[in-house]
Amino acid sequence: MEILQANSVNKVFFRPASSEARTISGKIKGWLSPPKQQFKVIDDVSLSVEKGEFVGLLGTNGSGKTTLLKLLTGILQADSGQLKVLGHHPVKERKAYTQKIGAVFGQKSLLWWNVAIIESFHLYASIYKLSRTEANQRIDELSSLLGLESLLTSPPKKLSLGQRMKAEVAASLLHRPELIFLDEPTIALDPVSRLNLMNFLLQLNREHGTTIIMTSHNMADVHHYCQRSVIMNAGRVIYDGRTTELLSYEHFKILEIKTLSALDEQLLAGFEYELVEDNYYRIKTSNEQAKETLSRLAFQPQVADVSISPPSLDHAIHHFMTSVRE
Amino acid sequence: MDIKVFFRYLQMSFKDLSVFRSDFVISILHILIYQGIFIIFWDALLGQLNTNLGVWDKGSLALLILVGLVFSSVRMLFFGFTTMSEKVINGDLDKYLCRPISPLMALLAEDTKIWAAGHSLLTCSILFVLLNEVYSFEFEASNFVLFVFSIVAGSLTLVLMEGCIALSAFWFGNIDKLFYLINSFSDFQRYPITLFPKLLQHFLIYVLPIGLVSSVPVMILMGSYGNSGVLLLAQLGLLGGWLLLFCWLWRCALRRYDSLGG
């Protein structure tokens, strides 16, 4: 069932432009009314999402991911195009719509800085009209799943970034939203906290059918958790498909070789390679040549360890971005 | 936003502010000393001159200072307007806009200084009782009703004016200096309006209605204000006009919101 439809959505922002004025009057005029330049931060974006999908929204800084998320959550209003999410117009039917969604913006906190996080949870529980019993039950449930039990009476200012992020997620999920938007939820988290949080989201997605749309710069998160990837560049969607398919666009493999002593330069001639550290080589080889490369290098007497792997999602996205720019 | 959520916000706001308890106590002392100085000043001045300032005697001047505290209380309830430009610049309205609440109500409730408002009113009541012992205030019930109406309508008008200024942050970004500029006029509330030239009096009643929350209500209460019928209509007109402007600006402002940061 399709729960999100965006058709030809556009959003324009203005940014300061450099002034060309040379005369004093021109400079005064420029100071009083600084020149502005219009740029399309979202450019004709069309997108549809099915119920239960886990979508990764990817792209470089300034590609429009967060702005798209803000349009989808109703924070921003589109300049043109149609947007319907969970049967609602996000802005015109804000109250009914926001009752069904959860939103976490990693860089913007919704918790009260000086007050115990449980108080913030109760505030959001009353905003979402949960009864006292329902709220307590849900707080207990989420605290246990996210490991927040011992932190409930601490204010956010006394928590680490990872703990705070988990609290932000919990506050946004109290009302069991059907659709969750997350903007860089794993930003600055340590690997353990990151995995815990991502596993928790995956559990929500698989066991409760919650639809999740997440932006991230962490390709490992997207690779392992998001079945679908949407790549944005300069406000446009340049890829929309399965994450595994995205990887198949790359026609090369990565061969990693650890040796006891340096490899002969002649053996490496003709390969694109990188010496990661002493006696540790990373070699890029085309899919067609992979077998030959492996047999040529892997059986040298000084080779201690060999591994061959497909390119990472970083490579795949880089490839995509480069091909679009070209 | 339902009343339960509103009170929950107030409760959070109170908890947030009372984290620093020493600030709480110091601010109580601050208001007492600050207002007390003005009362002592007027008392000493009129005592030295051994006369009244037109219709203003020592008692009505002391009342003028007390009435200023009422407006301060109302203003503290709407303190969110003062912090609005910072929130607009930092994109901090996001958290209200993606939740099923009225963003404006949540913003105001989150930043309301209810303890400061409550304290101002409490200080005002204590001072009133004390000063009544000294000056024995006398007034008619009908004047008291008009007095209350004038203060409430005047305070709301001024708060809505401040709200409109706050909303201009959606267009101009940082408008703190504009706030300071308008606030500098609020010093007029401590002085009897009739001391000033007619033109300035009209400005302080009908354009920037500082007089409506200070001198005018006191004169009404003391029975020395003549045109209370005209004033009543003017106050209603001003209040309605600013309310309409504020509602229109708020609707336009949300369309302008850029949600910067992050």
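The values are calculated or read from the model by the stated rules, or taken from the named source; none is laboratory data. As the structure is a prediction and not an experimental result, all values here were calculated from the model. Note: ideal-geometry Cβ built from the backbone for every residue, glycine included; neighbour counts use all protein chains shown. The area values use the complete protein model at the heavy-atom level, side chains included, leaving out ligands, DNA and RNA. Shrake-Rupley method; radii C 1.70, N 1.55, O 1.52, S 1.80 Å.
Computed from the C-beta positions of A:Val306 and A:His251, the FRET efficiency with R₀ = 25 Å rounds to 0.75. Result for chain A in a Gaussian network model with C-alpha springs under 10 Å: among A:Ala290, A:Ala116, A:Ala269, the largest mean-square fluctuation is at A:Ala269.
Per residue of A:75-85, other chain Cβ atoms within 10 Å of the residue Cβ number 2 on average. Shielding of peptide B:11-17 by partners, expressed as the average count of other chain Cβ atoms within 10 Å per residue Cβ, is 4. Taking every DSSP bridge with both residues inside the protein assembly as shown, close to 70 percent are antiparallel. Take each residue in B:250-257, count the other chain C-beta atoms within 10 Å of its C-beta, and the mean is 2. Taking only Cα atoms of the stretch B:164-252, what ratio of Rg to Rh do you get with Rh as the Kirkwood inverse-distance radius? Ratio value, two decimals: 1.03. What a 1.4 Å probe finds exposed on the stretch A:251-309 is 48% carbon and sulfur by accessible area, rounded to a whole percent.
Shown is the FRET efficiency for A:Thr153 and A:Ser33, computed with R0 = 60 Å from the Cβ-Cβ distance and rounded to the nearest 0.05: 0.70. Pairs of Cα atoms nearer than 8 Å and 6+ residues apart set the relative contact order; for chain B it is 27 percent.
FRET efficiency for the pair A:Asp190 and A:Thr322, taken as 1/(1 + (r/R0)^6) with r the Cβ-Cβ distance and R0 = 35 Å, rounds to 0.65. In whole percents, the pair-distance distribution calculated for the stretch A:81-197 from its alpha-carbon pairs, binned every 5 Å from zero, is 2, 12, 21, 23, 20, 12, 7, 3, 1, 0.
Note that the stretch A:251-309 shows a convex hull volume over its alpha carbon atoms of 72 Å³ per residue. D by Stokes-Einstein for the protein assembly as shown, Kirkwood Rh over Cα pairs, 37 °C, 0.692 mPa s: 115 µm²/s. Rounded to whole Å, give me the distance from the Cα center of the stretch B:22-38 to that of the stretch A:1-67. Between the Cα centres of the stretch B:22-38 and the stretch A:1-67 lies a distance of 49 Å. For the stretch A:251-309, the solvent-accessible area with a 1.4 angstrom probe is 65 square angstrom per residue. For the residue pairs A:Lys36/B:Lys95; B:Lys15/B:Lys177; A:Lys70/B:Lys177; A:Lys158/B:Lys15; A:Lys158/B:Lys87; A:Lys51/A:Lys108, the C-alpha atoms sit more than 20 angstrom apart in A:Lys36/B:Lys95; B:Lys15/B:Lys177; A:Lys70/B:Lys177; A:Lys158/B:Lys87; A:Lys51/A:Lys108. Chain A against chain B buries an accessible area of about 3000 Å², both chains summed, 1.4 Å probe radius. Averaging the inverse of every distinct alpha carbon separation and then flipping it gives the Kirkwood radius. What is it for chain A, in angstrom units? By the Kirkwood definition, the hydrodynamic radius is 22.8 Å.
Protein heavy-atom accessible surface, 1.4 Å probe, per residue over chain B: 48 Å². A simple spin-label model places pseudo-atoms 7 Å from Cα toward Cβ; at A:Ser131 and A:Ala290 they are separated by 5.8 nm. Label sites at A:Asp264 and A:Ser48, each approximated as a point 7 angstrom past Cα along Cα to Cβ, lie 6.0 nm apart.
Is any residue of the stretch A:41-72 close enough, with backbone N under 20 Å, to a label point placed 7 angstrom from the Cα of A:Arg236 along the Cα-Cβ axis, and if so, which? Counting only backbone N, you get A:41-48, A:57-69.
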